[in-house]
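The values are calculated or read from the model by the stated rules, or taken from the named source; none is laboratory data. Only a predicted model underlies this, so the values are computations on that prediction, with no experimental measurement involved. Here the Cβ positions follow ideal geometry from the backbone for every residue, glycine too, while neighbour counts run over all protein chains shown. What goes into the accessible areas is simple: the full protein's heavy atoms, side chains included, and nothing from ligands, DNA or RNA. Shrake-Rupley method; radii C 1.70, N 1.55, O 1.52, S 1.80 Å.
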Amino acid sequence: MYSISIERDGRVLAAAQGENEAALLYRGAYEPGDAIVFASSTQHVCVQVDQAVAPARVYLPQGRFVYRPPLEGDGLAVYPPQAFRGEMHLLSIVPQADDAYRNLAANPADQRGHVTAYPHATANVETRNESAFAARNVIDGQHIACGHGEWPFGSWGIGARTDAELTLDFGREVEIDAMILYLRADFPHDAYWVQGTVTLDDGFEKTFPLEGRDGPQRIELGEHRVRSLRLHSLVKCDMPSAFPALRQIEVYGHDL
């Protein structure tokens, strides 16, 4: 069984359910504090939190996922201009389980804070705590990197910290063999990293070079079974700019 409900202050504003999937057209405007509750009889699903946001393949360890439309503060800055606005919203949840080789990091529905849907990205610093520089931006599926700030240029900004690190949690054990990084490339505003290190939770660690360019930079890892990885020890180039940033991280492998 699959279900979606829109909830506000303990009241259900709209709901839909189905045996094999669920889709809900909510005719109403969201308010701060509203919750979209997805429930599933399976742990591997594809959810769409808004018609303007790409579908997300997520893992639900508890079979339930609460998504809060990002209406407070600057939360909407990293979403398309029409996302979560207006009075018509289309949402869906369908089962999605296979062992195809794919990018296991992508999750356009990731949010800051506590989550029950994975993958999930966090960091020890986000520039000025602004949404435009939040860790969740690096798994939103967007590669465009020739600008900075609001959508579509959301990135992980490190606030000039030399100890900045980012953690990617898959929420379960997966098998991976490669990582691809897209550095933000809004030159000359941006600087870039010339070196980084990735540590997997199985103890494997690799230091690798990086280049100041727009586009994918692939790091081979060999085969590992992991639940999480950490990107750290990032070394900035000698450009005067203090603003290196990461636009996207992709991690390739299989579900087990």
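So, Phe84, is that one in a loop (DSSP other than H, G, I, E, B), open to solvent by less than 50 Å² (accessible area, probe 1.4 Å) and of a type in the set (Phe, Trp, Tyr) or not? Criteria met by Phe84. Comparison of Ile93, Ile180 shows that the only residue that is over 20 Å from Phe38 (Cα atoms) and in contact (Cβ under 8 Å) with a residue 40 or more places away in the chain is Ile180.
Just one of the listed residues (His120, His148) is closer than 24 Å to His254 by Cα and of a type outside the set (Val, Ile, Thr), and it is His120.
A single member of Asp190, Asp177, Asp163 is at pLDDT 95 or above, more than 20 Å from Gly141 (Cα to Cα), more than 18 Å from the chain's Cα centre (by Cα) and open to solvent by 10 Å² or more (accessible area, probe 1.4 Å), and it is Asp163.
The criterion of being part of a loop (DSSP other than H, G, I, E, B) and either open to solvent by 10 Å² or more (accessible area, probe 1.4 Å) or within 25 Å of Val47 (Cα to Cα) (or both) holds for Glu150.
Residue-by-condition table, conditions (1) part of a loop (DSSP other than H, G, I, E, B); (2) open to solvent by less than 10 Å² (accessible area, probe 1.4 Å):
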residue: Val12; (1), (2): no, no
residue: Thr42; (1), (2): yes, no
residue: Gln51; (1), (2): yes, no
residue: Val58; (1), (2): no, yes
residue: Phe65; (1), (2): no, yes
residue: Ala77; (1), (2): no, no
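Mind listing just one residue for me: the one in the range 130-151 that is over 14 Å from Pro70 (Cβ atoms) and of a type outside the set (A, V, I, L, M, F, W, C) and, of those, farthest from the chain's Cα centre (by Cα)? My answer is Gly147. When the residues of the range 202-256 are filtered to those that are among the polar types (S, T, N, Q) and under 20 Å from Ala121 (Cα atoms), the one that is farthest from the chain's Cα centre (by Cα) is Ser233. Residues of the range 214-255 that are in contact with a Pro (Cβ under 8 Å, 6 or more places away or on another chain) and small (Gly, Ala, Ser): Ser241 alone.
Conditions tested, residue by residue: (1) open to solvent by 10 Å² or more (accessible area, probe 1.4 Å); (2) modelled with pLDDT of 95 or more; (3) under 24 Å from Ala15 (Cβ atoms); (4) part of a strand (DSSP E or B).
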| position | (1), (2), (3), (4) |
| --- | --- |
| Ala39 | yes, yes, yes, yes |
| Cys46 | yes, yes, yes, yes |
| Gln62 | yes, yes, yes, no |
| Ser92 | yes, yes, yes, yes |
| Ala105 | no, yes, no, no |
| Pro108 | yes, yes, yes, no |
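Let me confirm something: among Leu234, Leu200, Leu246, which residue is open to solvent by less than 10 Å² (accessible area, probe 1.4 Å), touching a Phe, Trp or Tyr at 6+ places or on another chain (Cβ under 8 Å) and hydrophobic (A, V, I, L, M, F, W, C)?
Working: Leu234 fails: open to solvent by less than 10 Å² (accessible area, probe 1.4 Å); Leu200 fails: touching a Phe, Trp or Tyr at 6+ places or on another chain (Cβ under 8 Å).
Answer to the check: Leu246.
For the structure I just gave you, tell me whether Gly212 is at pLDDT 95 or above, under 27 Å from His254 (Cα atoms) and of a type outside the set (D, E, K, R). The answer is no for Gly212. Looking at Pro70, Pro32, just one residue is surrounded by 15 or more Cβ atoms within 10 Å (Cβ to Cβ) and assigned to a loop (DSSP other than H, G, I, E, B), and that residue is Pro70.
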